[in-house]
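Engineer: One structure, pasted below without further comment.
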Amino acid sequence: MAERGGCALLDSLPMDIRESLAELELELSEGDITQKGYEKKRAKLLARYIPLIQGVDPSLQTESKLAGSSQITLTTNKQQRSRSTSSRDERFRSDVHTEAVQAALAKYKERKMPMPSKRRSAVQSSVETYTPPESISAPPDVTTGLIGHPHHERPQVASVRGVPRGFNSSILETANGVPVNSRVSSKIQQLLNTLKRPKRPPLREFFVDDFEELLEVQQPDPNQPKVEGTEMALLKGEPIGVVSNWPPSLLTALQRWGTTQPKAPCLTSLDTTGKSVYTLTYGKLWSRSVKLAYTLLNKMTNKSEPMLKPGDRVALVFPNSDPVMFMVAFYGCLLSDFIPVPIEVPLTRKDAGSQQIGFLLGSCGVSLALTTDACQKGLPKSQTGDVVTFKGWPRLNWFVIDGKHLMKPPKDWAPHIRDASSDAAYIEYKTSKEGSTMGVTVSQAAMLAHCHALTQACGYSEAETLTNVLDFKRDAGLWHGVLTSVMNRMHVVSIPYALMKVNPLSWIQKVSTYKARVALVKSRDMHWSLLAQRDQRDVSLNSLRMLIVADGANPWSISSCDAFLNVFQCRGLRPEVISPCASSSEALTVSMRRPPDMGGVPPGKAVLSMNSLSYGVIRADTEEKLSVLTVQDVGQILPGASICVVKAEGAPHLCKTDEIGELCVSSHSTGTAYYGLQGITKNVFETIPLTANGDPVSNQHFTRTGLLGFVGPERLVFVVGKVDGQMCVSGRRHSCDDVVATALAVEPMKFVYRGR
């Protein structure tokens, strides 16, 4: 009010005029009237008193304003000094919050907007800067207690008692019992009630950290281990062997076996009792895939136009109990030049897991889903009988690929089979630490190169039998049981998950029955077999030449492998058969332990100090301690690949030989991109490792595997955890897997409740 004639001599005006002015101020602050309306009404109220005000010496007005401002400054300085002496203000002050408040205040100042507070409105601001004349002592004004207070405590503001309805007297009592002649309106009463409340502290005092004194900067431990090794060198695997009759694409191999070996068994499916349901031959796989390709290219039309174009993505929705139809759908999409996107079957309409899958389908532009008649009947339906649109999913057209729904192609029609190129072959989904689902694109050339590398690393040959316990839609179950098996005309016996729950020994029984040469399992399958092995004695594992442990990089795998060997060695299992491997969705297969007759070296075992691992340092320890992590090697890197270890944070500089870092692989058999995500694709699939001097290690791009580990003696790869599974506590990093493994190592029956 100081700039609007709020001079001290305005107190000589009658009380009703002063109240009307205050009411106008309140209306202006609350937006009830405009600035123009305020000035018009104010000028009308002061019209008869303007000569009186203008007759005053301007120097007196200036002195009055200066006296008021100096008094306010003095009071403010005293309050600030009092607050500064308080230990709470400085102790609990946050620089981050202070910076944020200052930025907010500057923003309000630039926009010339009132602060967001009803208590400290424009009227209150003007009242705080108002200085009453010293000659006026009675009656007391409602603003008297707000200024000029010599003490630090909040002054008690005088307030007006409520007046009962119908009270016509002009005599009004304040809180101190002093009568005041006034006509109080409802808005003036509201203003007085507001001023009666304790004044809010400055805005910056709301942003104060109460625990900053506890957040002390962590000082490095002088006794913590330091890396002492030299900078590691780039490690190259053995070269890819040259095969004279190696097909130029995976589809070429399918066509060869389907036409030259049509009766050779390709895939055997089992039911929940362990009985063989159906055996798919290579001739049937080829003919059914060709039928599906012809149907997708000619029958799937929309208003006389093809619904799909080459390169479009198609969802494959098949249960884990039906590998035969999944295999037909997968190769049918490849033959028709569509990109299959295998996903899980949605259980309910609002399944939380399927929402992330829906995001993947939407980002991939999927409009068609392939499934079986039995699977479609189990999906939730709408009132019209159609499959419902699941929460978060795009609208899909569902097509059943059972034989009666497929069209037989003309005799002169054949799918166009090209050599493997850089075009996408399929998309494999991956779930990140935050729960989001991304699609990893695998090119046709990478798919072929991966099959070639696995064939050489595992020594696959024609007509071998492989028992697959894993999910055939993704990861190692797809790479070995659907892709590489067809490349080598192998026979795969698929063990459904439901059968493993009923009979954990079923995969061992099938190895013995079919004389399988290779078995593909996880450490959990080996563990379950140990619990049920007493029920079955007439089994033999002497036919196995490789027992591939797909999750050999986790902390539990070594104990499962050792225990399984101890029990089943008397039943024909040889120690060199066990082959742990490491893999990731981005890099596919990273490394694999190989038998001695295939160039493998003796298995490695490392007992590492977990205290040193938390600092990223490799230090050997003894098994007698509980604070150690015992890991086994995951073999040698895949043929045709190069590997290095880079720092998990910051620029991808090479680690020292005794330092933990992220494994990076350069190979023709890795994924190429996250579909539709160019930003993180460049960071993961186009990494260029650097030396300590900042020079590139190679002119080729490397793929980050997401695996933490090191390269040990005999060029063996060791994995101690995953980048997504790291926790940082007080400057030290711990693996979630290590925490669980430590808990299990301390007599779990006594200290850890099972299932929690």
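The values are calculated or read from the model by the stated rules, or taken from the named source; none is laboratory data. Please read all numbers here as calculations on a predicted model, not as lab measurements. Methodologically, a virtual Cβ is constructed for each residue, glycine included, from the backbone with ideal geometry; neighbour enumeration extends over all protein chains shown. For accessibility, only protein heavy atoms count, side chains too; no ligands or nucleic acids. Shrake-Rupley method; radii C 1.70, N 1.55, O 1.52, S 1.80 Å.
Engineer: If you take the Cα Rg of segment 526-616 and divide it by 2.2 N^0.38 Å, with N the number of residues, what do you get?
Structural biologist: On the way: Rg = 15.1 Å, N = 91, 2.2 N^0.38 = 12.2 Å.
Output field value: 1.24.
Engineer: Regarding segment 668-712, what is the average projected area of its C-alpha convex hull, in nm²?
Structural biologist: Dividing the Cα hull surface by four gives the mean projection, 4.4 nm².
Engineer: List the extent of the Cα atoms of segment 271-430 along each of their three principal axes, largest first, rounded to whole Å.
Structural biologist: For segment 271-430, the Cα spread along each principal axis is 46, 42, 33 Å.
Engineer: Same structure, new question: So what is the orientation-averaged projected area of segment 550-589, using the convex hull of its C-alpha atoms, in nm²?
Structural biologist: Values: hull surface 12.2 nm².
Averaged projected hull area, Cα only: 3.1 nm².
Engineer: Follow-up. Per residue, what volume in Å³ does the Cα convex hull of segment 430-515 take up? Walk me through the numbers on the way to the answer.
Structural biologist: On the way: hull volume 9.8 nm³, N = 86.
In segment 430-515, the Cα hull volume divided by residue count equals 114 Å³.
Engineer: Let me ask you something else. Just how far, in whole angstrom, is segment 362-427 from segment 655-697 if you go by their alpha carbon centroids?
Structural biologist: Distance between centres, Cα-based: 35 Å.
Engineer: Further question on the same structure: Beta carbons within 10 angstrom, averaged per residue: use that to sort the peptides 708-715, 243-250, highest first. Walk me through the numbers on the way to the answer.
Structural biologist: Working: 708-715: 18.6, 243-250: 13.6.
Taking the mean over residues of other Cβ atoms within 10 Å, the ranking is 708-715, 243-250.
Engineer: In Å, the Kirkwood hydrodynamic radius of segment 213-295 over pairs of distinct alpha carbons?
Structural biologist: 19.2
Engineer: Tell me, what is the per residue accessible area of segment 241-297 in Å², probe radius 1.4 Å?
Structural biologist: Solvent-accessible surface per residue comes out at 45 Å².
Engineer: If we sort 661-669, 267-275, 282-290, 383-391 on the protection proxy, mean other Cβ atoms within 10 Å, highest first, what's the order?
Structural biologist: Ranking the peptides 661-669, 267-275, 282-290, 383-391 by packing returns 661-669, 282-290, 267-275, 383-391.
Engineer: Can you give me the Rg/Rh ratio for segment 608-744, using Cα atoms for both radii and the Kirkwood formula for Rh?
Structural biologist: Checking Rg against Rh, the ratio lands at 0.98.
Engineer: How many Å² of accessible area per residue for segment 602-725, probe 1.4 Å?
Structural biologist: So segment 602-725 comes to 43 Å² accessible per residue, rounded to a whole number.
Engineer: Given N residues in segment 590-663, what is Rg(Cα) / (2.2 N^0.38 Å)?
Structural biologist: Compared with the compact-globule rule of thumb, segment 590-663 sits at 1.28.
Engineer: A further question on this structure: Based on the inverse mean of 1/r over its pairs of different Cα atoms, what is the Kirkwood hydrodynamic radius of segment 462-551, in Å?
Structural biologist: That comes to 13.1 Å for segment 462-551.
Engineer: Related question: Provide, as a two-decimal number, the C-alpha radius of gyration of segment 363-515 over 2.2 N^0.38 Å, N being how many residues it has.
Structural biologist: That works out to 1.28 for segment 363-515.
Engineer: Once Rh is set to the Kirkwood radius over Cα pairs, what Stokes-Einstein translational diffusion coefficient, in µm²/s, holds for segment 535-693 at a temperature of 25 °C and a viscosity of 0.890 mPa s?
Structural biologist: The calculation lands on 137 µm²/s.
Engineer: Taking Rh as the Kirkwood radius computed over C-alpha pairs, what is the Stokes-Einstein D of segment 254-314 at 4 °C in a medium of viscosity 1.567 mPa s, expressed in µm² per second?
Structural biologist: In µm²/s, the coefficient rounds to 94.
Engineer: Can you give the translational diffusion coefficient of segment 363-442 in µm²/s, computed by Stokes-Einstein from the Kirkwood radius over Cα pairs at 20 °C and 1.002 mPa s?
Structural biologist: 132
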